[in-house]
Amino acid sequence: MLRIGLVLGLLTVLGPFSTDMYLPAMPSIATDLSTTIGGTQITLTAYMIGFGLGQLFYGPISDQTGRKFPMYLGLFLFILGSLGCYFAPTIEALSAARVLQGLGGAAGMIIPRAAIRDMDAGVGATRLMGTIMMVVSVSPMLAPLAGSGVLILGGWRIIFLSLAIFAVFNMVLARTALPETLSEENRVKFNLRRFFAGLRVLFTDRTFMGLTFVGAFGMAGLYLFFANASFVYTGQFGLTHVQYSLAFAVNGLSLFCASRLQAPLAQRLGMTRMIKGAVTVFAVIMIALAVLTATGFGSLPVTIALFFFGFSMLGLVIPPTMVLALRNHGQIAGLASSLGGTIQMVTAAIVILAGEPFFDGTALPMVTAIALCSVIAFGFSRITLSAVNEDRPARPSPQMSAKAR
């Protein structure tokens, strides 16, 4: 089980690497392609939109064909998109290639989630998700440093060439080390009627939607940081690319620590209590950081420290909310995982686009927007989690129950 978790983690980490590794290069991209901070941030939102929309397709495809074929398809599209980024002559071409890269990278997020749901729906799933989170949490620690090293040695374009090579490695890994987790008898043939019926089931499930939005606004806070931190740390705080990467790695360390605590805390407290507590602490910390920054006390050490503790809470929120959201939709786990991922990524992209006119390379707009996301996540958690009963056995999706009758 640990081996499978590590393999799924390496497949999942491709998406985070696609954002984290090129973050130190965003100022260089802005200079090289003669664009603004906002123009460079569009390359991140372009990836997120492709990543979010792509997830709608991989879930239904994987529910019908099994989990491995769509994984191969996604990796192939990711390789094409990465090569497109490498050769992009303008910021518009780079953004278009990032959409394709995101469409491919989405498979690495959806397929592992659905595969975990194939194998388990309870604490075992949380443990596997925690293993994946542990692998993924290495990305913010290593990817920016790797990106900074590549930037020094060969420029920002080599970063995307490196991502293409990593995707080829993942394709070999998926072929040789990943078993098929969805048996023939549990596959659901795709058709539009069933697809829209499944969407109706999910959109009308208040628990599914509420949990998804808790994770969505937590993720939006993370991506707001991703989109702005390189400009804030190198501009306002005067760090070099390497120093920024080291500061960014502290946040990865927080996620890593959270991933190690996630399963034991879920067993001891239950996932519901764990999520409630973590969302509350996240909101308190982010509001405190916004107040300190607005009053002139948001120094670099204070900013790094509070982001460390705040983002560690997200490590206890985002994975278990998805586990609970999928719990009652096992027979359409692929579609449920797809819709949940799409909502999360598109929400984060919309938040970044909405804040883009206010982002000026200083910390205050960034931390204020993150604090607002934390408050919204807190609100959704209070509305949703009061109705969640983990002790009740997982029920089949209403759509599939009707089919069985």
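What follows is calculated from the coordinates using simple rules that are stated; it is not laboratory data. This is a predicted model, so every value here is computed, not measured. Reconstructed Cβ throughout: ideal geometry from the backbone, glycine too, with neighbour counts over all protein chains shown.
Between the Cα long axis of helix 2-12 and the first principal axis of the chain there is an angle of about 60°, rounded to the nearest 10.
With a cap of 10 neighbouring Cβ atoms within 10 Å, and only residues DSSP puts in a loop, list the trypsin sites (Lys or Arg not before Pro) found in the stretch 135-221.
189
Ordering 21, 119 from the fewest to the most neighbouring beta carbons within 10 Å gives 119, 21.
About its Cα centre, the dipole of the chain is roughly 1240 debye, where the only charges are +1 on Lys and Arg Cβ and -1 on Asp and Glu Cβ. Taken one residue at a time, the phi angles of the stretch 244-251 give Karplus couplings (6.51, -1.76, 1.60, θ = phi - 60°) of 4, 4, 5, 5, 5, 5, 4, 5 Hz. Gly and Pro are set to x. Angle, helix 91-119 long axis vs. longest principal axis of the chain, Cα atoms, 0 to 90°, nearest 10? Value to nearest ten degrees: 40.
Counting each DSSP H run of 4 or more residues in the chain as -39500 (n - 2.57), what helix-only mean residue ellipticity at 222 nm follows after dividing by all residues, to the nearest 500 deg cm²/dmol? Spell out each step's value before the answer.
Details: 18 runs with 327 residues, N = 405.
Result for the chain, helices only: -27500 deg cm²/dmol.
Just to confirm my numbers, what's the Cα centroid distance between the stretch 30-46 and the stretch 180-238 in Å? Taking the Cα centre of the stretch 180-238 as reference, the centre of the stretch 30-46 is 24 Å away.
Let me make sure I get this right: for the stretch 146-286, a, b and c are the square roots of the gyration tensor eigenvalues over alpha carbons, sorted descending. Under 1.5 in a/c it's rounded, otherwise prolate if a/b > b/c, else oblate. Which is it?
Working: a/c = 1.98, a/b = 1.29, b/c = 1.53.
It is oblate, given that a/c is not under 1.5 and a/b is not larger than b/c.
The Cα atoms of the stretch 165-213 give a gyration tensor whose axes a ≥ b ≥ c have a/c of 1.5 or more with a/b greater than b/c, which makes the shape prolate. Taking the square roots of 5 times each eigenvalue of the Cα gyration tensor of the chain, largest first, gives ellipsoid semi-axes of 32, 25, 18 Å.
For the stretch 207-230, backbone nitrogen atoms closer than 15 Å to the point 7 Å from residue 383 Cα along Cα-to-C-beta are found at 207-218.
Axis angle, to the nearest 10 degrees, between helix 156-177 and the longest C-alpha principal axis of the chain: 20 degrees.
Here's the picture: charge each Lys and Arg Cβ at +1 and each Asp and Glu Cβ at -1 in the stretch 1-106, and of 85, 75, 49 the one pushed furthest to the positive end of that dipole is 75.
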